[in-house]
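Below is one structure, written out as C-alpha cells, with a few remarks after it.
No value in this document is a laboratory result; all are computed from the given coordinates. Predicted model, so just to flag it, every value in this text is computed and none were measured. Here Cβ is always computed from backbone atoms with ideal geometry, including for glycine, and neighbour counts include all displayed protein chains.
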Amino acid sequence: LNVRVLCKCGAANDGRCGDVPVDIEFDVSMKNEGSIERAREVSVDAYGRLLAYVWKDGTNINVDALMSGNSAYFTKHGRSRLYHGEMALAEKLACEEMRGIWCPTQDFAWFSEYKRNYGQLLPWWHQREMFIEDFRHWQHLGLADDVINPQHDYKKLMAAAAARETATILVDFQPTNFSLYDGIMSFVRYKMNTPQPVTGVCIFAGTKKQPFNLWIDTDDSAESERIQSLIHHRYSGLSQNYALVTGKLFIYHAKQRPQMTLESCDQISDFPCKPEDMSAALRSHARTRACAKSQSTTAFAAA
C-alpha cells in the first residue's frame, strides 16, 4: 500500500524546513489490511511511531540509509517482507566499506551527544526477529489462527474481554517505561478481603495505542514469584520479549482496558499450541514438502 504525503524536512529557499513530497509504503498485505487507514493503524511500534518505507524520486530511502551507513537494518519488528534482500545487502556493503556507523574512526557531529550501542542492540533485535519469523511461519501453516494480536485485532480483544472469554494473546514484554521493574511491571497496593492491603502485579504487555495488561493478584506467593522470575529472565529486557499468553480476559473498568489474570507459568508459552502439537505440525509440513519435491524430481526425470 502506498500513499503520497508531505514531510517537513530538507530546506526551503529561505533556509527553513520545507514541505517535501514523498511516497510512504506500508509493509502489509492488501488482503488483510486493504485500506490506508488500517495500514496506518497497524504499522506502528510500541511507542506509536510509524513503521514504513519512504520513497523519494524513485529511491527507497530506507535502503539508501543502510547503504550509506546512516542506519543498521532495523529488524526489531521482523524482517522486511518486501525488501529483505536489498536491505540485508545494503547493510553488508556499508559494513564492508566501513561507511557511517560502521566506521571505527569517523566522528559524526550528529553522534556527539548520543550514539546507539549496536553491539548490544543488534543481538536483541535478532532475537525478536527470529520469534517474529517463526510466528509468520506458524500463521502460514494455520497454527496461529486463534491467536489475538492486540496491534491488529484490538477490537476483537476488547470484545473477548467484555465477554470474559478465554483466549491466547500475542504479547510484547519490551521495556517501555524505565520507572517500572523490568520496564513493564508495576506493584500495586489494593484492598482485598483481608485485614491489610495486599500488593498485586500489573504487567504492561501491550502498546501505547493498544494497551493490554496482565494481572497477578499477589506479588509474594510462590507461583507469583515464579511468574515474575520467568518473565524477568526469559522475556523482558534485551531478550525475545514476545510470548503467547493464554487465560481468561476481563475489562479493567477504571481505565476501560483489557486484562488477563495470570495464575501460573503454564499460561506463558513460546508457541501458539502445545509443544508436541507444534512439533507434529512442523514434521508433517516438512514431510509434505519432501514428498512434493521427490515427486517433482521423478516427473522431471521421466520427462
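Ranked by the mean number of other Cβ atoms within 10 Å of their residues, highest first, the peptides 19-28, 251-260 come out as 19-28, 251-260. Membrane-span-like helices in the chain (whole DSSP H runs, Cα extent of at least 27 Å along the helix axis, mean Kyte-Doolittle hydropathy of at least 1.6): none found. Normalised by the number of residues in the chain, the mean separation of alpha-carbon contacts (under 8 Å, six or more apart) gives a relative contact order of 13 percent.
Distance between the 7 Å Cα→Cβ label points at Q196 and K155: 4.8 nm. Under the combined filter of DSSP loop state and at most 10 neighbouring Cβ atoms within 10 Å, segment 187-229 retains these trypsin sites (Lys or Arg not before Pro): K191. Can you pull the one-decimal nm distance between simple spin-label points at R136 and K115, each 7 Å off the Cα toward Cβ? The answer from the label model is 3.2 nm. Potential lengthening of the chain between A254 and H285 amounts to 6.6 nm, from the contour at 0.36 nm per residue minus the alpha-carbon distance. Could you pull out the GluC sites (Glu not before Pro) across segment 151-246 that fall in loop regions by DSSP (anything but H, G, I, E, B) with no more than 15 other Cβ atoms inside 10 Å? Those satisfying the criteria are E165. Stretching the chain fully between D277 and Y47 yields a gain of 79.3 nm (0.36 nm per residue, less the alpha carbon separation).
When only alpha carbons are used to place a centre, segment 122-186 and segment 231-296 end up 9 Å from one another.
Calculated from the structure at hand, P(r) over Cα pairs in 20 Å bins from 0, in percent is found among (i) 26, 52, 21, 2, 0; (ii) 28, 46, 23, 3; (iii) 34, 58, 7, 0 as (i). For the listed residue pairs K155/K191; K156/K208; K155/K255, the alpha carbons are over 22 angstrom apart in K155/K191.
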